[in-house]
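The structure under discussion appears below in the form of structure tokens.
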Amino acid sequence: MRLRGLAAAGATALLGTGAFIAWKSWAVARELVDPPFYRPQPLARVDGTYASLARGGDGDPGGAWHSEPVGDLQVWTLRRARPSRGIVLLLHGFGDDRWGTSPALKWFPDLDAAIFTYRRRDDAIRAGLTVPPVTFGALEHREVVAVVRHLEGLGWRRDRILLMGRSLGASVGLLAASRLEAEGGGPLGGLIWEGAPASSRDFAERLVRGPRDRAWHVLAPAIGGLASAWAGRKGAYDPEATDLQAQLRPSLQTPSLCFMATQDRLAPLPTQRLLAARFARIRTVEVPTWHLHCSEVLGPRYAEEIRRFTGEALEGKQVQALKG
């Protein structure tokens, strides 16, 4: 009788564990393709923000916005009020869009800027249409490649075009830079990145683990694998295409600046160091925080590092000698 009771208890525990894994995997997969916290801002607020950025101030010369279609995308470009020596394409992160990322252009007062929302998800949500899923960089990086080629068609040399991305935007930028170099045409003018998730599977596993290892963290690898597979099926992409270590070229020639958040559990320091090692020319700045908070912790130094890097990269100086 006791053995039968133990067997029943064991079976119940296994069923409960299996049900929890299935439910948690489904929930994480849903978050990967459709961030539950993302809500696009009203267009009136977006227009107000863009108008404020165009006015400039505090050392920023401002400029004039232009918007044009690039394939299925809509790209906004800020042309500075005075001649610019380059253009930076700002890449938004997970659960963000062109509005949320646009203030970053203030870190580049001597560069033109371009910005767009991946897959026009913000427009789809506002219009009540079917919203394209987030593909964790698998398809988004191809859009970045298309926009870079569009900028080249407008007359920008590739070595005058820079990318900046944080969080998922960093992953998208890394994948795009690698793809552009692989397809020929030379390196970009520069890539600035912070907190790139290693892959959709790794990110899913770390979501399960949380800020501190939860009681069920031993199940995180299984849940992460299943969640990323479900997300890939729902988003019609191969999760392996999001694996940065597998997808990046072994020696990227694009000059790079990386802000490494040393306390980050979603994009851990060892992973960031492995990715940084792929670059022939890179400056790394380690910051004791999580990603997306490096600018807050560094304060004015954050913008100073960016301006120092862009100046050196666009002037062809030896960025690889700058570490620290």
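Does the range 176-190 contain at least one residue that is buried (at least 24 other Cβ atoms within 10 Å of the Cβ) and assigned to a strand (DSSP E or B)? Scanning the range 176-190 turns up at least one residue that is buried (at least 24 other Cβ atoms within 10 Å of the Cβ) and assigned to a strand (DSSP E or B).
Okay, residues lined up against (1) crowded, with 18+ Cβ neighbours inside 10 Å; (2) of a type in the set (A, V, I, L, M):
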site	(1), (2)
D112	yes, no
R120	yes, no
L139	yes, yes
V145	no, yes
V148	yes, yes
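The single condition among (1) more than 21 Å from R278 (Cα to Cα); (2) buried (at least 24 other Cβ atoms within 10 Å of the Cβ) that E194 does not satisfy is (1).
Being hydroxyl-bearing (S, T, Y) and part of a loop (DSSP other than H, G, I, E, B) is a description that does not apply to S67.
Of the residues making up the range 216-254, just one is β-branched (V, I, T), in contact with a Ser or Thr (Cβ under 8 Å, 6 or more places away or on another chain) and either surrounded by fewer than 21 Cβ atoms within 10 Å (Cβ to Cβ) or within 12 Å of S200 (Cβ to Cβ) (or both), namely T242. Restricting attention to the range 301-324, which residues are modelled with pLDDT under 60 and within 19 Å of S84 (Cβ to Cβ)? Within the range 301-324, no residue meets the criteria.
Candidates are the residues of the range 282-300 that are at pLDDT 95 or above, outside any helix (DSSP H, G or I) and of a type outside the set (S, T, Y); the one that is farthest from L252 (Cα to Cα) is G299. Within the range 124-151, track down each residue that is without any contact (Cβ under 8 Å) to a residue 60 or more places away in the chain and over 18 Å from L78 (Cβ atoms). Of everything in the range 124-151, those that are without any contact (Cβ under 8 Å) to a residue 60 or more places away in the chain and over 18 Å from L78 (Cβ atoms) turn out to be A124, A127, G128, L129, T130, P132, E140, H141, R142, V145, R149. Scanning the range 85-100 finds one or more residues that are among the hydrophobic types (A, V, I, L, M, F, W, C), under 20 Å from the mean Cα position of the chain (by Cα) and modelled with pLDDT under 95. Among the residues of the range 203-226, how many are in contact with an Asp or Glu (Cβ under 8 Å, 6 or more places away or on another chain) and in contact (Cβ under 8 Å) with a residue 60 or more places away in the chain? Going through the range 203-226 one residue at a time, the tally reaches 3. No other residue among A303, A220, A231 is part of a helix (DSSP H, G or I), touching a Leu at 6+ places or on another chain (Cβ under 7 Å) and hydrophobic (A, V, I, L, M, F, W, C) apart from A231. Annotation note: Cβ proximity below 9 Å between a residue of the range 258-287 that is in contact (Cβ under 8 Å) with a residue 24 or more places away in the chain and surrounded by fewer than 18 Cβ atoms within 10 Å (Cβ to Cβ) and a residue that is among the charged types (D, E, K, R) and part of a strand (DSSP E or B) (sequence gap 6+ or interchain) occurs for T262/E286. In the range 31-64, of all residues being free of Cβ contacts under 8 Å to residues at least 24 places away in the same chain, assigned to a helix (DSSP H, G or I) and not hydrophobic (A, V, I, L, M, F, W, C), the one that is nearest to S200 (Cα to Cα) corresponds to D47.
The values are calculated or read from the model by the stated rules, or taken from the named source; none is laboratory data. All figures in this text were calculated on a predicted structure; none of them were measured in a lab. FYI the Cβ positions are ideal-geometry reconstructions off the backbone, even for glycines, and counts take in every protein chain you see.
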